[in-house]
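Scroll down for the structure; my scribbles are underneath it.
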Amino acid sequence: MAVNYVGGLGVSVVLAPVFADVPWDYWAWQDIERLYNSGVTGGCSTNPMYYCPDNSVTRAQMAVFLLKGKYGSTYTPPAVGSSTGFNDVATNYWAAAWIKQLAAEGITSGCSWSPPLYCPESTTTHAQMAIFLLKSKHGSAYTPPAVGNAVIRRQQLLRRLKLLLYHQIPLHLALTFPKQIFYLVTRTYWSGAN
């Protein structure tokens with residue numbers, strides 16, 4: 001609660017969160033409310049309104065999150081038809097159309113090839129989440145860059161260059177002696193001697 005005084009009058013402003021289990025001082029409150037306001041989620045309960053922030057997300061729920069996040073809150077996937085393509089997802093399952101569409105877009109191939117399974121009630125791991133998000137954003141053909149020493153060295157050099165440019169060190173010096181200059185700049189600026 002915040003109190004503002006206007007013209008000698010006390011005005012109380014009470015911030016009431018959408019979900020009863022996500023108070024305004026919860027670390028992810030703004031992000032959760034943004035998801036709700038954009039229509040991506042309605043929470044886990046409507047009366048009272050709960051989000052259940054500590055619950056795991058199932059693979060079925062993830063299909064809905066991803067497609068609504070990609071196409072907007074009013075998006076509805078095409079009808080399922082005679083099959084979902086997965087032996088463990090019946091055509092009348094609550095998220096069948098969402099799961100089938102996620103697979104049709106190449107964002108998922110399920111949790112098993114033979115037999116074809118989606119595992120809709122399994123929780124989404126962090127690794128699966130990373131793949132889901134990247135393929136949702138960049139398309140089914142997306143392959144992330146290789147991780148290795150060359151990538152790490154480039155990232156380190158870019159960080160050093162940004163710091164040097166921020167402190168207006170001539171770029172030709174930065175490119176010629178990046179480690180030495182970076183050492184000098186960091187020793188000078190981070191030690192408080194600037």
*Stretched out fully, how many nm does the piece from ARG34 to ASN92 gain, at 0.36 nm a residue minus the Cα gap?*
17.8 nm
*For SER112, enumerate residues with amide H under 5 Å from its amide H, sequence gap 5+ or separate chain, H modeled in the peptide plane.*
LEU117
*Partners for LYS100 among aspartates and glutamates (Cα-Cα distance below 18 Å; same-chain residues under 8 apart left out)*: ASP88, GLU121
*How much length is gained on full extension from SER109 to ASP54, taking 0.36 nm per residue of separation minus their Cα-Cα distance?*
17.1 nm
*Of ILE107, ILE131, how do they rank once you tally other Cβ atoms within 10 Å and put the fewest first?*
ILE131, ILE107
*Rounded to the nearest 0.05, what FRET efficiency do HIS138 and CYS44 have when you use their Cβ-Cβ distance and R0 = 22 Å?*
0.15
*So for SER114, SER73, fewest C-beta neighbours within 10 Å to most, what's the order?*
SER114, SER73
_In Hz, Karplus ³J(HN,Hα) per residue of region 78-90 (6.51, -1.76, 1.60; θ = phi - 60°; x = Gly, Pro)_ = x, 4, 5, x, 8, 7, 8, x, 10, 5, 9, 10, 5
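Here, each number is a calculation from the coordinates, and none is a lab measurement. Predicted, not measured: the structure shown is a model, and the values here were computed from it. Methodologically, a virtual Cβ is constructed for each residue, glycine included, from the backbone with ideal geometry; neighbour enumeration extends over all protein chains shown.
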